[in-house]
Structure formats: structure tokens, C-alpha cells
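Below: the structure, in C-alpha cells.
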């Protein structure tokens, strides 16, 4: 019996491996034959998006990690300088592929704020529906995906099926599966189709059933718990120091949710709560996202109950070919599935934007936080930690 | 916000104050007092979160505008601090010791605009581009269309429907 | 011919090489000096050869076999890769067409260039493509690979993929729906069965032209010309 316990508590003796320098950091020399340099990505199935990690490992522990990005750099911010405001819309949604609607919403809101356009009520409700549906489809990928990074692929397959249902509704509403181009400055492109609410409600009921399956499959899964609890722990004082936002900050016990802190659209009329956990490890982040799924379903139902049936969906905008926006600057933000997602916009009074700068949550999550978090992690946990931070490289490099 | 502005005015000589939204305001400050202002805001006024560092290229005035956007999570307010540096002398004091993710911003700005931040860790490593040998691409004088046409191979026979002409016909037929 | 040999083995500027790839002298356990040139020693520097078809019947059988097991390299190079997971999920189920994802280039026969290619990714895509075993095929998704698409004037994305890699099938759209990708796979199968998917041989025949195009935009060329 004693022997068995010893096996459970066994930890490798790494006291002299790697050698520690005087400053407490490991002395890394590839010639000492104690280290291997391994590249994870860009060509790697465990990478979220297309980035690469330069890992120096000792045994199976990571000693040093460096993030390399730029594989998806398209120079959006340069392209915006050559495009009129209306031309920016189809371009900007490609900045973050899994959740494009936050991009179009942010840009539309920035333009409206700078030019002082009032958006009709109905359009705002429709925007909320699209934003929440986008959040839902991302979470349906991400929540089972957390277990998928540990080899439990079944949940991912299930999640994909339910995500397709939401994409069907998206297609019905906007005409496209991924890139919707639904939100325009001054409003949205179309009304809800007939019977849309009923069909969406049917899908939501199905997804609720799926949540129970997730609980059975993942949440009460001993292997998942063993590999997720206590792994990837982010100390609480990192949150402000590193600019951590969204579910990762909420998993550390902070009340950070743009929808409640800086209410936009009609989120102040919706009744929902911060989803908070306190352990700040991979499991806590999973729980937060799992609760976010429920909250999103709830919010969607509230929106459908509260929104009017019809109304004006597009405010009058100037001739888009000669639309000059007065000089000014603003920072607009909204809550994406990964956290605060903001646009810093500067207009110079011409037809072209002077500067549009995207600040996504991954900008710190994937570089400053991940590089620190991976030190001393096991190499098999690397992709799980990456997914639990929800890194999305396109929004780092634009 | 007003009280805060008065304090900043007397201590750091902040000018060009403008408040767009109830929770967001922008102000300008001299290049030399920027770091002390940011340090003061972080330590004393509770602006603990650095949201972004961004650069705007005002080529007509020969200036770069660097914007530091700070956020106070308790009071839920933002303050954007603008500072202007000359386009010829592209150097700015680094704030890498204040926030852990500030070096990332500075590394990107160094690559995209050529503004140097002496002392910032890994600031000279390439961030997004690899083997770039032209002028920094985000500067206004860099012409991305010309570069693309010279470097890559545009497919011939591309029918160019000028979108502006097309929209004029479709949307605004009355306009001459 | 001699010049071509030079081209394939000759190395370029050392300044771009990572420290572990530079020429160096290693002192052995008994004090002897060993000259190490990783790019010569770790890679095969011989010029690749085209593979000639066998007799007609065998080739027909082989082509059928190739067409029915398309193993795809799991390398999402652009936004199109968001539609690849749905392709392998219950609704579209590409497995029934013999399409499966593989983790390494050595095991796969198809590389999907899923959208725009930044210059930095192009370098990795070329390496991955060259490491794949013959026969190998390229599917290009999205309008970005055809003429640059949305990013036709961007300074960091290529405009035409067929100048850098031999493309077998283009799937148009931004982004192509999963059904379109499935139809692209079926088109590729038709091409393979008809014996027209000779991209790998074409690449080797025109290697110098491809390499010149690639080197024009990859400024820090720090790898052998053909990575086996």
C-alpha cells in the first residue's frame, strides 16, 4: 500500500537539472546536451491558428519558451489607409477568423461614434443577436476543444455538429457561414427571416441537451480533471500587470466583462451575471467558458423575447463614396468570446481612415503570458494551455 | 475626470484635453514627461491596465503620434495619452518595466514604424516580418500597392471593375 | 549543368542562419577537430529526379489507389483552415472520400494551401511541400491563392500561388464552403485517375524557375534549395 502511494506522489528529481544560475534562472546551453530545442508549429495540429513556439526542453519539461508570430500577417492596418470607410468593412472582418462579427461591430461603432450617427433600435437588437450567435458558435468549438487538446476528440466532433446548427441560422440571417458582413455603419443589412426565432429556439434546446452531454463526457471525466486541475495556473496579480482580459481574468476571480462594465447596445437591459471562478487554472477557465455557454443561451432567449418585431434597420448615411469623417479619435471595445476586443480609430477628416488599430486579447495572452506560463510546464500540456488562453494569432499580427 | 485633469495639468502640463464619452478621455503631453505621467497614473490614480500603445503617422506635420491608452478597472475609465515625436529623430523612452506586455507593443512599433525604444527587451528581433529590407511598412511614405506589384506576380487579365464607379451607377445614379 | 549543380548545392548568405545551422568546428572526445556544416550534412543536396510512369496498366491501378487515399497535411495556412474541421465532422464527413488529416509531411500526399500566404508562411509551406513524398498534390483554397483576393495590394501576401508551388486544383470563393472543398477533392481525384496530376514532376522539371520566384520574395533564404 505504501509503495502504491509512493508511485502516485512520485515526482522526478530535477534538483540539479537544469543547472540554475546565480539569478535563479536556468543556465541554458544547447551544447551541454541537457536541452533540446523543439519547434511547435506553425505546421502542427495542436496549434490554435498558425503560430509557432520555440521551446527549449529539459527532459519533458519546458525551460524556456518563445512565441513567434507573423505567419498570418496581411498588413491590414496598411490596407485600411488605402480604402474608403465602406471598403474597410469587408476587409476588417477577416482580421479574426473564428469570430468575425466583433470586428464589424467595432468598426461600425467607431465610425458611428466619430460621425455621430444614431442607430435605430431594431438594428441594435439584431446586432446583439448576431454577436451572441457568434459567441455561441465559438464556444461550441472551444469548450469541447479543451478536452480535444488532451486527446478526447469525441467532444470536438459533437461540438462541431451543434456549431453547424448555429452556422445554419447565421446563413439564413446573413447569407454566409463564416464572413457575414451583416453589420454596416448605421445599422444592419436585413431583418430576421420568417420563423427564425422558432428555429433558433429549437437549436438552443438541442444545444442545452448537448451541455449535459459535455458535463458527462468532460466535466466528470477523471482523466480530464487530473490533467486540468492545477495546470497553467495564473497568479492573480498577473491580471493587471499583463493586461489579461475576458474569461481568463474571470477565472482568476476578477469581475471583467465589457458587456457589464461598459454597456453597449442594450446589454444593460439584459439580466445576466459575471461567471467567476477563483482557481485560475485550466479547469477554472474551462468552467468559466462552460458557464458562458449557458449565459449565452440565456441572453439569446432574453433578446428574442425583448426585441421588437419590426422597425427601421438602417440609419441614413451619407454617400459612401465621398463619406468624410470628421477629425477625431476614439477607442471602442466589445466583449468577444476571448475577452475585451477593441479598435483604436483615428480619423483625419478625409475619406480614408488615418489609423485603425486592433487590440485583441491574444496580444498579451499568446506572447507575454504564454511565454511565462509555459516555463516548467510539461510538454504534453503545451497545446492545452494554449487553448485555455484562447490564443488567436490573426488578431496579434493583423 | 475633471478633478483628475486639474491634477495632471498642474503636475505634468497636460494639454489638449478632450472627453468624448463619459468614461473615456484623451489628452496630450510633452515627450519628456510622458513616462513620469504614466508611472504616476499607474501608481497613484489606479490606471493599472495598459490597453494599447499605438502610433499614428502625421506625415504632413513631420510627426509621429504615440498613444498610450490606460484603463482604470475600478472606476471603469479610460485615459488616452498622446505624445508627439519628430519623424527624423525616432526614439522614445521605453516603459517595459511598468507592464509585462509593453515590450510586445514596442517591438511591433519598432518593426512597423522604425521607432526605437532603447532598453526594451528583444526590441530588435523581428516580430511579424522576416528578412524585411525596405523602409518600415507602416510609414505613410511606403506604398504597399507599388511594392506588391513589383514583388509578387499580379495575375494578368484581371478585370478591374472600379468599385467606386460601380457603386456610383448602382447606388447614386443621379450624381454626376 | 555545372551551374545548375552549383545552384542546388550552393548556399547563400550565412547571416540569416540560426547559430545551430552555421558551419563550425566541433572538438571530438579525443581532441580531434570535426568540421560540421549542418546544411550539407543534415540534408540531401542532390538534385531531385522526376519519377517516370510505369507501364499503362500498373499506372492506372496506382492512380486509382492514389486517388482513393488522399492524406492531407494538417497545416492551416490561412483563414480557409476554419472550414477544414467542419469538413471532418459529422455533417460533411470527408472521411468517406478517403480524405484524412495527417500530422507530418512525410505521411501526407496532399497539402491544402487554405487561403492567403504571408511570405513567412510561404517559406514553411515550401519546406513542408518538399518534404512530402511523391506523388503529391496541391489544393489551393480561396481567391487569395488565385490572384491575391482581398489582399491583392498587401505587401506581405503573395498574389499567385502557381508561381511558387505547382497547383493541381483551385477552389474559388472567400472562403469556400465545405461542399466546395469536397467538390475540389473530387476534381483532384478525377485528375489523378486520368493521370494528369503531375504537379510533383512539373515542380522538379521547372525547379529553377520556381526557385527563382521563391527567392525573389523570401529575402532571408537560409535553407537548402530542395529539402528532402
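List of remarks:
- Chain B: relative contact order in percent, alpha carbon pairs under 8 Å with at least 6 residues between: 14
- Site pair residue B:61 and residue C:187 shows an inter-label distance of 5.2 nm when each label is modelled 7 Å from Cα along Cα→Cβ.
- Here each label is just a point 7 Å from Cα along the line to Cβ, and for residue B:31 and residue B:135 those points are 1.8 nm apart.
- Förster radius 35 Å - calculated FRET efficiency between residue B:23 and residue A:38 (Cβ-Cβ, nearest 0.05): 0.20
- Antiparallel bridges, percent of DSSP beta bridges restricted to the protein assembly as shown (to nearest 5): 75
- The relative contact order of the range C:160-228 comes to 38 percent, based on Cα pairs under 8 Å that sit 6 or more residues apart.
- Calculated P(r) tail over 20 Å for the range A:33-136, as whole % of Cα pairs: 59
- Rounded to the nearest 0.05, the FRET efficiency derived from the C-beta distance between residue C:106 and residue B:91 at R0 = 56 Å is 0.70.
- The angle between the Cα long axis of helix C:178-193 and the longest principal axis of the Cα atoms of chain C comes to about 70 degrees, rounded to the nearest 10.
- Average Cα contact separation per residue, chain A, under 8 Å, 6 or more apart, as relative contact order %: 24
- Considering all different alpha carbon pairs of chain A, the Kirkwood hydrodynamic radius works out to 22.6 Å.
- Full extension of the chain segment joining residue A:327 with residue A:260 gains 21.2 nm, where the gain is 0.36 nm per residue of separation less the Cα-Cα distance.
- Taking a point 7 Å out from the Cα of residue A:121 in the direction of its Cβ, the residues of the range A:293-321 whose backbone N falls within less than 13 Å of it are A:306-313.
- Förster radius 25 Å - calculated FRET efficiency between residue C:71 and residue A:379 (Cβ-Cβ, nearest 0.05): 0.45
- Mean projection area, nm², convex hull over Cα of the range A:206-364: 12.6
- Inter-part distance where the range B:82-108 and the range A:80-127 are each reduced to a Cα centre, Å: 29
- Tilt relative to chain A, helix A:101-115 - C-alpha long axis, 0 to 90 degrees, to 10: 50
- Sorting the Cα pairs of the range C:57-217 by distance into bins of 5 Å, from 0 upward, gives 2, 9, 19, 23, 22, 15, 7, 2, 1, 0 percent per bin.
- Label-point separation in nm, residue A:352 to residue C:26, each point 7 Å along Cα→Cβ: 5.3
- Computed [θ] at 222 nm, helices only, for chain A once each DSSP H run of length n ≥ 4 contributes -39500 (n - 2.57): -12500 deg cm²/dmol
- For chain C, the longest principal axis of the alpha carbon atoms and the long axis of helix C:207-217 meet at an angle near 80°.
- DSSP-defined beta bridges in chain C - what % are antiparallel, rounded to 5: 25
- The range B:2-153: antiparallel DSSP beta bridges as a percent of all, rounded to 5: 80
- Under Stokes-Einstein, with the Kirkwood radius over Cα pairs as Rh, the value for the protein assembly as shown at 25 °C and 0.890 mPa s is 87 µm²/s.
Values in this text are rule-based calculations from the coordinates and carry no lab data. The structure presented is a predicted model; accordingly, all values stated were derived computationally and were not measured. Glycine also receives a Cβ, built like all others from the backbone with ideal geometry; neighbour counts cover every protein chain displayed.
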